[in-house]
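The values are calculated or read from the model by the stated rules, or taken from the named source; none is laboratory data. All of these numbers come straight from a predicted model, not from anything done at the bench. No Cβ is skipped: glycine too gets one built from the backbone with ideal geometry, and neighbour counts run over all protein chains shown.
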Amino acid sequence: MQKLVIEGGYPLSGTIRISGAKNAVLKMMAAALLGKGKFVIYDVPAIKDVYTMLGVLTTLGVEAKLQDSVLTMEVDQVSGDTPTELVQEMRASIQVMGPLLARLGWVRIAKPGGCAIGDRPIDLHLQNLARLGAVIDESHGFITARCQRLTGQEISLDYPSVGATENIMMAATLAKGKTVIHNAAREPEIVDVQNFLNQMGAHVYGAGTSVIVVEGVDQDHLGSTEYTVIPDRIEAGTYLIAGAITQSKITLENVIPQHIQVLLSKLLEANAKLTVGLNRITLEGGKTILPTNIITLPYPGFATDLQPQFMSLMTLADGSSVIKETVYSHRFGHVEELRRMGANIQVDSNSAIVRGVKQLTGARVKATDLRAGAALILAGLAAKGTTEITGIEHIVRGYEKLVDKLRSIGAKIELVSEG
Ligand code: EPZ
């Protein structure tokens, strides 16, 4: 088993280049199943989730490889029978459902399990694929969906689900007629997938707003494309918070400030100084961290994927902050672990009251999910003494070269084998 060991209390300094967005590229890999020919995607992060999706695509018949951040995929004939173990390993595998159903007229997939942050149902995906004409059967933990050709419809999402928006948007590209998705999620990654689909020959408009329109095309209308994925806004936000919590001056390159506008304003409120360029941001952490309240919401609200990291920052604020999590039902797994480091946090339903303390103390803590793990790393960077973090299999899913990037700006962090 491996663990991260961090010697806390050292200021950081230097520049980090942000990698391509995990939550965009995973969906583009699924979207490629709609097309045919050779796809090349640049700036793809070498992270576990990308390799898991590579495994899913390979099992479906795609020739795929990732080398030096360049992902190449050859799509010809594909199967609709998805690999159970890999699908159960990563919830995002569900995103292949829309493309396979639209292309083949059938798909069989293991029902994705819940995870540490909530039970994460896929009812909005299934309800609305059925609205497009799919016949859905759920039995023995598997979902089978069949259809003749899907038919475009007016769709209204009960909740702006990112995954449901993307699954429906992708399925609708091959439906007969027009599909309009109302109350669509507006995340930047969805805009990236729209651009990727349109470069393949699809006709999708409105991504980034709450109304997305898809004019269905015939299968042979969709080809292949080359594309560079947008920078990962959650990775960028995580490293900015690392600078703030260690009262350091760091610079990020390859970042789109507009994608983390709300975080930037909250970091200013917390007394950080920011210099924002076109695709770079310099943060100078304030000597005092000011208490700042956040409420997580679908984009463009405060990103739920940055809530644990921001909570770590607030544990050292000069006062009390309220952190409300409205997207997931159980996204406070990091609270108990932060308490072990001396944080003072009370949780009441989906709100946490964080009373700032003078100092955190290094401890042995466990990552329960990807972003909770990131939060513990940030706390460890600021804590007095040594912090050991287990459960790092969660962390490597979503942060490319995390230890290298942190060491390059002066963090005392290493990956150690244990037992
Ligand atoms: C995407 O997950 C991201 N993952 C998540 O990032 C992110 O937290 C989430 O969007 C919200 O921004 C990927 O893109 C791979 P949702 P997704 O459908 O699509 C409920 C990370 O750390 N819901 O918008 O699964 C659901 O239970 C990960 O990188 C239903 O009830 O998110 C949740 O409470 C974690 N029924 C809420 O909606 C459904 O059919 C948001 O889920 C679908 C979702």
- Checked against (1) within 16 Å of the ligand (Cβ to nearest atom); (2) under 23 Å from residue 91 (Cα atoms); (3) surrounded by fewer than 23 Cβ atoms within 10 Å (Cβ to Cβ), residue 398 satisfies every condition except (3)
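Let's see how each residue does on (1) in contact with a Gly (Cβ under 8 Å, 6 or more places away or on another chain); (2) in a helix (DSSP H, G or I):
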| site | (1), (2) |
| --- | --- |
| 6 | yes, no |
| 15 | no, no |
| 24 | no, yes |
| 27 | no, yes |
| 31 | no, yes |
| 38 | no, no |
| 66 | no, no |
| 78 | yes, no |
| 92 | yes, yes |
- Among the listed residues 50, 70, which satisfies the condition of being within 12 Å of the ligand (Cβ to nearest atom) and either in contact with a strand residue (DSSP E or B) (Cβ under 9 Å, 6 or more places away or on another chain) or not β-branched (Val, Ile, Thr) (or both)? 50
- Being crowded, with 18+ Cβ neighbours inside 10 Å and under 24 Å from the mean Cα position of the chain (by Cα) is the filter here, so list the residues in the range 215-238 that pass it. 225, 227, 229, 230, 231, 232, 233, 234, 235, 236, 237, 238
- Note on the structure: Per the filter on the range 383-417, residues charged (D, E, K, R) and modelled with pLDDT under 95 are 393, 397
- Tell me which residues, restricted to the range 192-202, are in contact (Cβ under 8 Å) with a residue 24 or more places away in the chain and more than 12 Å from the ligand (Cβ to nearest atom). 194, 195, 196, 197, 199, 200, 201, 202
- Item | Top-ranked residue of the range 97-135 - restricted to ones that are more than 9 Å from the ligand (Cβ to nearest atom) and in contact with a Ser or Thr (Cβ under 6 Å, 6 or more places away or on another chain), ranked as modelled with the lowest pLDDT | 116
- Query: Looking only at residues in the range 297-321 that are in contact with a helix residue (DSSP H, G or I) (Cβ under 9 Å, 6 or more places away or on another chain), closer than 20 Å to residue 286 by Cα and hydrophobic (A, V, I, L, M, F, W, C), which one is surrounded by the fewest Cβ atoms within 10 Å (Cβ to Cβ)?
  - Reply: 316
- Query: Are any of the residues in the range 146-164 touching a His at 6+ places or on another chain (Cβ under 8 Å), assigned to a strand (DSSP E or B), more than 20 Å from residue 299 (Cβ to Cβ) and modelled with pLDDT of 95 or more?
  - Reply: yes
- Note on the structure: Going through the range 202-214 in order, the residues found to be within 23 Å of the chain's Cα centre (by Cα) and outside any strand (DSSP E or B) are 206, 208, 210
- Message: Name the single residue that is nearest to the chain's Cα centre (by Cα) among those in the range 171-201 being within 18 Å of residue 129 (Cα to Cα) and in a loop (DSSP other than H, G, I, E, B).
- Response: 185
